[in-house]
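Visitor: Submitted below is the structure of interest, expressed as structure tokens.
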Amino acid sequence: MKITFLGTGTSHGVPVIGCTDEVCLSNNSKDNRLRTSVLVEWDDFTFVIDCGPDFRQQMLAANVSDINGIIFTHFHADHTAGLDDIRPFSQKYGYVPLFAQIDVINNLKERFEYIFTTENKYWGAPSIKSTIIENTPFNLENKEVIPIKVKHGKLDIFGYRFDDIAYITDASFISDIEKEKLQNLDVLVVNALRIDFHPTHFNLQKALDLIDKVKPKKAYLTHISHKLGLHDTVSKLLPDNVFLAYDGLQIKV
Ligand SMILES: [Zn+2]
Ligand SMILES: [Zn+2]
């Protein structure tokens, strides 16, 4: 199984439009971060987690020609706004399978009414087939996926565990019951927005606290803002088994 980080940036992306801080002006490509998303590949099938505004660019950068579906963490625009760009896939296969909680599907139906409608659909509009998931294991093809319910501010959103990899973004709190699902991981991917406290996302310390508690073999931080600091500087401060993810990074398990 292989994970490719398609984007590792917070909602603004990095650089932030108009910002002249050292991170946004950095020449290191690892400081350029598209909106958070990953590609999850098994031998026979490939899924994308989230479909933000950089989706098209991310599919091109990772040279993706086929996907079997999209799994959503939550409905915020930085994770969903690229939905129109699934057209090459829906034209090829007739539709793209979407997997998400009911509140995400309902939100997408409002915002992308022209995609979900079955009447008077305009020519060329994307087509989807949605599957509602709850906080109970489900299958993608023959692979079991375990949702992990986390708080993102007041919102209940999902992270996902595939075998011994877990992917959590936009969390600000995880209950002890849900943390049980994070035992014995080879890899934990978790969000770390910045150094200072933030009400709806883990800051660096909270991400490190979670890692310390559930003790994965390795951890990768994502959903990073320009306020976390330079990739190379922050990387030196991290424990030996914790890494800042960057766009294009691939990990195999
Ligand atoms: Zn986000
Ligand atoms: Zn969010």
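The values are calculated or read from the model by the stated rules, or taken from the named source; none is laboratory data. From a predicted model like this one, the values you see are computed outputs, not experimental measurements. Heads up, the Cβs are rebuilt from the backbone with ideal geometry, glycines too, and the neighbour counts pull from every protein chain shown. Side chains are part of the model used for accessible areas, which takes the heavy atoms of the whole protein and leaves out ligands, DNA and RNA. Shrake-Rupley method; radii C 1.70, N 1.55, O 1.52, S 1.80 Å.
Visitor: Can you give the three extents of the C-alpha atoms in segment 31-177 along their principal axes, from longest to shortest, in whole Å?
Guide: Answer, in whole Å and largest first: 48, 36, 33 Å.
Visitor: Rounded to whole Hz and in sequence order, give me ³J(HN,Hα) for segment 235-246 from the Karplus expression 6.51 cos²θ - 1.76 cosθ + 1.60, θ = phi - 60°, writing x for Gly and Pro.
Guide: 4, 5, 8, 8, x, 4, 9, 10, 9, 7, 5, 8
Visitor: Specify the angular offset, from 0 to 90 degrees and rounded to the nearest 10, of the alpha carbon long axis of helix 102-111 from the longest principal axis of the alpha carbons in the chain.
Guide: Value to nearest ten degrees: 70.
Visitor: When only Cα pairs under 8 Å and 6 or more residues apart are kept, what is the percent relative contact order across segment 103-207?
Guide: Values: 158 pairs, mean separation 17.1, N = 105.
Result for segment 103-207 is 16 percent.
Visitor: Can you show me the helix-derived [θ] at 222 nm for the chain, built from DSSP H runs with n ≥ 4 at -39,500 (n - 2.57) apiece and divided by the number of residues, rounded to the nearest 500. It would help to have the intermediate numbers written out before the result.
Guide: Values: 8 runs with 54 residues, N = 253.
So the calculated ellipticity at 222 nm is -5000 deg cm²/dmol.
Visitor: How far is it, in nm, from the label point at GLU22 to the one at LYS179 when both lie 7 Å from their Cα along the line to the Cβ?
Guide: Reported label-point gap for GLU22 and LYS179 is 3.4 nm.
Visitor: Shifting gears a bit: Along its principal axes, what span do the Cα atoms of the chain show, with the longest given first and each in whole Å?
Guide: For the chain, the Cα extents along the three principal axes come out at 55, 42, 36 Å.
Visitor: Considering only protein heavy atoms and a 1.4 Å probe, what is the carbon-and-sulfur percentage of the accessible area of the chain? Write out the running numbers ahead of the final one.
Guide: On the way: 5810 of 11910 Å².
Solvent-exposed carbon and sulfur of the chain make up 49 percent of the total.
Visitor: Once the whole set of protein chains is in place, how much accessible area is left on LEU238, using a 1.4 Å probe, in Å² to the nearest 10?
Guide: Here the residue's solvent-accessible area equals roughly 20 Å².
Visitor: Rank MET59, MET1 by accessible area, highest first, at a 1.4 Å probe radius? Could you put the intermediate results ahead of the total?
Guide: Details: MET59 10, MET1 45 Å².
Largest to smallest exposure gives the sequence MET1, MET59.
Visitor: Shifting gears a bit: Please give me, ordered by residue number, the trypsin sites (Lys or Arg not before Pro) of segment 117-165 that lie in loop per DSSP and have at most 15 other Cβ atoms within 10 Å.
Guide: Details: sites: LYS121, LYS129, LYS143, LYS149, LYS151, LYS154, ARG161; in loops: LYS121, LYS154.
Those satisfying the criteria are LYS121, LYS154.
Visitor: Count the net charge of all other residues whose Cβ sits under 11 Å from the Cβ of LYS2, scoring Lys and Arg as +1 and Asp and Glu as -1. Mind dumping the intermediate values first?
Guide: Numbers: positive: LYS252; negative: GLU41, ASP43.
Net charge around LYS2: -1.
Visitor: Could you check which residue among ASN63, ASN106, ASN32 shows the biggest mean-square fluctuation in a GNM of the chain with a 10 Å Cα cutoff?
Guide: ASN63
Visitor: Per residue, how much accessible area does segment 1-103 have with a 1.4 Å probe, in Å²? Mind dumping the intermediate values first?
Guide: Working: 4270 Å² over 103 residues.
Accessible area per residue, segment 1-103: 41 Å².
Visitor: Accessible area per residue for segment 119-172 in Å², computed with a 1.4 Å probe and the full protein assembly in place, what is it?
Guide: Numbers: 2670 Å² over 54 residues.
The answer is 50 Å² per residue.
Visitor: Taking a Cβ-Cβ separation under 4.7 Å as the criterion for a possible partner, which cysteines of the chain have none?
Guide: Flagged as lacking a Cys partner: CYS51.
Visitor: Once the piece of chain linking LYS213 and ASN63 is laid out straight, how much longer is it, given 0.36 nm per residue of separation minus the C-alpha distance between them?
Guide: Numbers: separation 150, 0.36 × 150 = 54.00 nm, distance 3.65 nm.
Answer, rounded to one decimal: 50.4 nm.
Visitor: OK, next. Keeping all protein chains in position, work out how much accessible area SER130 exposes to a 1.4 Å probe, and write it in Å² to the nearest 10.
Guide: Ignoring ligands and nucleic acids, SER130 comes out at about 50 Å².
Visitor: Could you tally the net charge around ALA81, taking each other residue with its Cβ under 14 Å from the Cβ of ALA81, Lys/Arg +1 and Asp/Glu -1?
Guide: Values: positive: ARG35, ARG56, ARG111; negative: ASP50, ASP54, ASP78, ASP84, ASP85, GLU110.
Neighbour charge sum, excluding ALA81 itself: -3.
Visitor: What whole number of Å gives the distance from the Cα centroid of segment 10-35 to the Cα centroid of segment 198-243?
Guide: Each part reduced to its Cα centre gives a spacing of 17 Å.
Visitor: Give the ranking of ASP54, ASP21 by solvent-accessible surface, highest area first, calculated with a 1.4 Å probe. Could the numbers behind the result be given before it?
Guide: Values: ASP54 15, ASP21 50 Å².
Heavy-atom accessible area, descending, gives ASP21, ASP54.
Visitor: Could you rank TRP123, TRP42 by how accessible they are, 1.4 Å probe, largest area first?
Guide: TRP123, TRP42
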